[in-house]
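The values are calculated or read from the model by the stated rules, or taken from the named source; none is laboratory data. Nothing here was measured: the structure is a model prediction, and the numbers come from that model. So basically every Cβ, Gly included, is an ideal-geometry build from the backbone, and we count neighbours across all protein chains shown. These accessible areas exclude ligands, DNA and RNA; they are computed on the full protein's heavy atoms, side chains included. Shrake-Rupley method; radii C 1.70, N 1.55, O 1.52, S 1.80 Å.
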Amino acid sequence: MFGLYNLAGWGYWTVSFFAYALISVLSFVLNKHFTFRSQGNTTLQAVRFFINIAIVYFLAYGIAQKATEAALSRMSEIWRDNFALGVGSVLFVVFNYLGQSRWVFGNLNHRN
């Protein structure tokens with residue numbers, strides 16, 4: 001993600017979207033079978049998963065971008081965006097886990 005932003009010159013939203021679009025399918029399979037060990041309806045879970053990914057993506061990266069613009073206003077846009085990409089990644093992981101454990105796969109006690 002950082003390479004595409006810094007070396008290839010892709011924009012903030014393009015880079016972050018591309019990175020998470022690529023890993024979403026693999027993430028669904030791994031989370032369903034290994035992280036949450038879910039036996040639920042795969043089609044319903046897939047729809048919920050991608051809705052969750054979309055909401056979490058815009059929420060995490062939107063918050064990260066606005067927060068870093070405000071907190072690091074004196075830095076250059078490149079530095080702010082790099083920092084925002086890192087913050088967005090952390091927020092995405094937290095929000096995504098919560099959404100998947102509570103709504104997509106509905107199992108907070110996945111380690112029985």
Criterion first (in a helix (DSSP H, G or I), open to solvent by less than 70 Å² (accessible area, probe 1.4 Å) and not basic (Lys, Arg)) does Ser38 satisfy it? no
Does segment 70-80 contain any residue that is on the phi > 0 side of the Ramachandran plot and modelled with pLDDT under 95? no
State which residue pairs qualify: first residue of a type outside the set (Phe, Trp, Tyr) and inside segment 9-28, second residue outside any helix (DSSP H, G or I) in any location, beta carbons under 7 Å apart, and separation of 6 or more residues or different chains. Val15/Met1; Ser16/Met1; Ala19/Met1
Kindly indicate whether any position in segment 91-99 is crowded, with 20+ Cβ neighbours inside 10 Å and farther than 26 Å from Gly3 by Cα. no
How many residues are closer than 26 Å to Gln65 by Cβ and either over 14 Å from the mean Cα position of the chain (by Cα) or open to solvent by 70 Å² or more (accessible area, probe 1.4 Å) (or both) if we restrict to segment 13-30? 8
Answer yes or no as to whether Leu85 is of a type in the set (A, V, I, L, M) and in contact with a Ser or Thr (Cβ under 7 Å, 6 or more places away or on another chain). yes
Subset of segment 65-85, residues open to solvent by less than 30 Å² (accessible area, probe 1.4 Å), closer than 14 Å to Val15 by Cα and without any contact (Cβ under 8 Å) to a residue 60 or more places away in the chain, comes to none
